[in-house]
Every structure is written in C-alpha cells, then in structure tokens.
Amino acid sequence: MDVNGERVAVDVGSDGIEVDGERLEARLEAVDGTPIVLVTLGGRSHRLAVVRGEGRGRYTLWSDGHRFEVEALDERRRVIADMTGAQAARSGPAPLVAPMPGLVVRVSVQVGDQVQAGQSLVVMEAMKMENELRSTAAGTVASLRVQPGQAVEKGAVLVELRES
C-alpha cells in the first residue's frame, strides 16, 4: 500500500492486520449512506471519510483534519504496476484539485509563493470536517482559482503550480 507516496506493508488476516510488521487487532464498520468508516485499531477508534479515487485501488482518506492519498493494490497488481512504471512520478507539480464538493475556508498561499511538497495550500470544509489540502510537489504558485468562502465542486482546480 502507498500512503502519501510512502510504501507501507499491510497484511490483512481474519484476526487483524499487520502494518510494517506490527500486529494489530482491527475492525471496520461502515456508516450506512455516508462515506464514513469507523476503524478500530489496537483498541483505538478512528473516524475516516473515504472517497474512491481515479484508478484501481486509489482512495482519498480524511481523519482528524488530515488528508491521505492511498493506493491499495494486492501483491500481484503491485508487482505489475512497479514493473510497468505505472508508479512513475509525474514531471512537474500537478494542480491542486478539490477531492470532493465543499467550501473553501482558507487559502494559505499567494501567487508567486514557492511551495514545498506536503505544504498546506488550501483548507476546505466538506462533510462537516476541515480538510487541509497539500502540494504534491515543490513548485511556484502560478494562479489561485478560489478564495475563502467559495463553494467548489469535486474536481475543480483550486491552485495551479509551475516548476520553480
């Protein structure tokens, strides 16, 4: 599994999961009619908002105000993806797009700002949760397409970046 670009070894069994060699008791419970999943890991409960992304095994997860881009592939598909270069990094920074409909709460950058990978660009409210949207690569803010208080649809371009 890849989480925000980092490889994490996850093995799911009938009695729990193993994450990077650490065994945890786990339980999932979907909240009917919502994208919310209640996850219990090692006795601690977490509320996740889960939205399926584009492509096999891709998801965006929100938990406690943090956003995670996840790709979960079984071992066979992971090997095939690695061999075919499907995981090759994009050249240059990608624009920041809204992962779901919501309201822009805060824009943390201005045109011309230099940003680093992982830096906060926009905070959106969706499903009564604030979600911090971060840059996937270093670059320079080329344009802002939104302002605080603006409602946006899923897929709307929020911030355009260019190579520094």
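Brief remarks follow.
- Ranked Asp2, Asp32, criterion: other C-beta atoms within 10 Å, fewest first: Asp32, Asp2
- Most positive-pole-ward Cα, Leu121, Leu96, Val146, against dipole of the chain from beta carbon charges: Val146
- In terms of the mean number of neighbouring beta-carbon atoms within 10 Å, the peptides 51-62, 98-109 order highest first as 98-109, 51-62.
- Estimated FRET transfer efficiency when R0 is 41 angstrom, pair Ser143-Glu54 (beta carbons, to 0.05): 0.95
- Distance (nanometres) between label positions extended 7 Å along Cα→Cβ at Leu28 and Ala9: 2.2 nm
- Principal axes of the chain: Cα extent on each, largest first, Å: 50, 39, 23
- 16 Å cut-off, amide nitrogen to a point 7 angstrom out along Ser120 Cα→Cβ, residues in the range 126-141: 126, 129-136
- Working note: Cα gyration tensor of the range 9-84, eigenvalues times five, square-rooted, sorted largest first, giving semi-axes of 22, 18, 11 Å.
- The chain: angle of helix 75-84 to the longest principal axis, Cα-based, in degrees nearest 10: 40 degrees
- Val146, Val39 arranged by Cβ crowding within 10 Å, fewest neighbours leading: Val39, Val146
- Mean projected area (nm²) of the alpha-carbon convex hull when the range 96-162 is viewed from all directions: 3.7 nm²
- Look at the alpha carbon pairs under 8 Å that are at least 6 residues apart: their mean separation over the length of the chain gives a relative contact order of 17 percent.
Throughout, read-outs are computed from the coordinates displayed, never taken from laboratory work. Every value quoted in this text rests on a predicted model; they were computed, and no experiment measured them. Don't worry about glycine lacking a Cβ; one is built from the backbone with ideal geometry, like all the others, and counts go over all protein chains shown.
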